[in-house]
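Report on the structure given below.
The values are calculated or read from the model by the stated rules, or taken from the named source; none is laboratory data. Please read these numbers as outputs of a predicted model, since none were measured by experiment. When we count neighbours, we look across all protein chains shown, and the Cβ atoms used for this are built from the backbone with ideal geometry, even at glycine. Remember, those area values only see protein heavy atoms, side chains included, never the ligands or the DNA or RNA. Shrake-Rupley method; radii C 1.70, N 1.55, O 1.52, S 1.80 Å.
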Amino acid sequence: MTNFRIGNGYDVHALAEGLDLWLGGIKIKHEKGCVAHSDGDVIIHALCDALLGAAALGDIGLHFPDTSDEFKDIDSKILLKKTVEIIASQGYKIGNVDCTLCMQRPKVRPYIDQMRATLSEVMGIDIQSVSIKATTTEKLGFTGREEGVAAYATVLIYKD
């Protein structure tokens, strides 16, 4: 009997001028980037939380605390790879992931295929198992005012 589990994750970072903007494992050209201890990739951070939550293994802060120098300015793809290893050590495999980015600008549609390819490679799953969508908030709230960016992730993991 297959054991299916679902998890969801959410992450937010403030935006500031002069910082690099990393989303879905790739660098996006923009005048603002995420204020963060790591590279601030909200998509990957939400994804890590969803995977860990589905396996009932805590959250990204438990495994990769932002108080640790070890994770200062770290590439979030490394955190995702370690997260996949953590859930695999408990016997879980990834079925699929579905991510939603909330950001007013820049338009990220031109980057989504590259994000999907990058994330599928890091997680070791087929690109068809990775969905990334982007939406604005119609200029409402902190994302609409371009003060920050948010991401949601939903995942299905399973044991054979």
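Past the 25 angstrom mark, what percentage of all C-alpha to C-alpha distances in the range 21-128 do you count? Before the final figure, lay out each step's value.
On the way: 1051 of 5778 pairs.
Counting pairs separated by more than 25 Å, the tail of P(r) holds 18 percent.
Distances over 21 Å make up what percent of all Cα-Cα pairs in the range 1-66?
Working: 671 of 2145 pairs.
Value for the range 1-66: 31 percent of Cα pairs lie more than 21 Å apart.
Return the ratio Rg/(2.2 N^0.38 Å) for the range 121-160, where Rg is computed over Cα atoms only. Kindly include the intermediate steps, with their values, before the conclusion.
On the way: Rg = 14.9 Å, N = 40, 2.2 N^0.38 = 8.9 Å.
Taking the Cα Rg and dividing by 2.2 N^0.38 Å, one obtains 1.67.
What are the semi-axes of the equivalent ellipsoid of the range 29-70, taken as the square roots of 5 times the eigenvalues of the Cα gyration tensor, listed largest first and rounded to whole Å?
Details: eigenvalues 97, 39, 5 Å².
Over the Cα atoms of the range 29-70, the semi-axes work out to 22, 14, 5 Å.
List the longest stretch of the chain that has no exposed loop site; here a site is one of the trypsin sites (Lys or Arg not before Pro) assigned by DSSP to anything other than H, G, I, E or B, with at most 11 other Cβ within 10 Å.
On the way: sites that count: 29, 72, 107, 139.
In short, 30-71.
Once both axes come from the Cα atoms, what is the angle between helix 112-123 and the longest principal axis of the chain, in degrees from 0 to 90, rounded to 10?
That works out to roughly 40 degrees.
Over the chain, with every protein chain in place, what whole percent of the accessible area is carbon and sulfur at 1.4 Å, could you tell me? Provide the component values of the computation, followed by the final result.
Numbers: 4100 of 7960 Å².
Carbon with sulfur: 51 percent of the solvent-accessible area.
Helix 76-89 versus the longest principal axis of the chain: what is the Cα-based angle in degrees, 0 to 90, to the nearest 10?
Value to nearest ten degrees: 20.
If you roll a 1.4 Å probe over the heavy atoms of the protein chains, what accessible area per residue do you get for the chain, in Å²? Write down the numbers at each step before the final one.
Values: 7960 Å² over 160 residues.
Heavy-atom accessible area per residue stands at 50 Å².
Placing +1 at every Lys and Arg Cβ and -1 at every Asp and Glu Cβ, with all other atoms neutral, what dipole size does the range 1-115 have around its Cα centre, in debye to the nearest 20? Working shown, then result.
Working: 12 positive and 16 negative charges, 94 e Å.
Around 440 debye, computed over the range 1-115.
Mind giving me the nanometre distance, one decimal, between the label points for residue 138 and residue 3, set 7 Å out from Cα along Cα→Cβ?
4.4 nm
In whole Hz, with x marking every Gly and Pro, tabulate ³J(HN,Hα) for the range 47-63 from phi via Karplus 6.51 cos²θ - 1.76 cosθ + 1.60, θ = phi - 60°.
Calculated HN-Hα couplings, in order: 5, 4, 4, 5, 5, 5, x, 4, 8, 6, 10, x, 9, 4, x, 5, 8 Hz.
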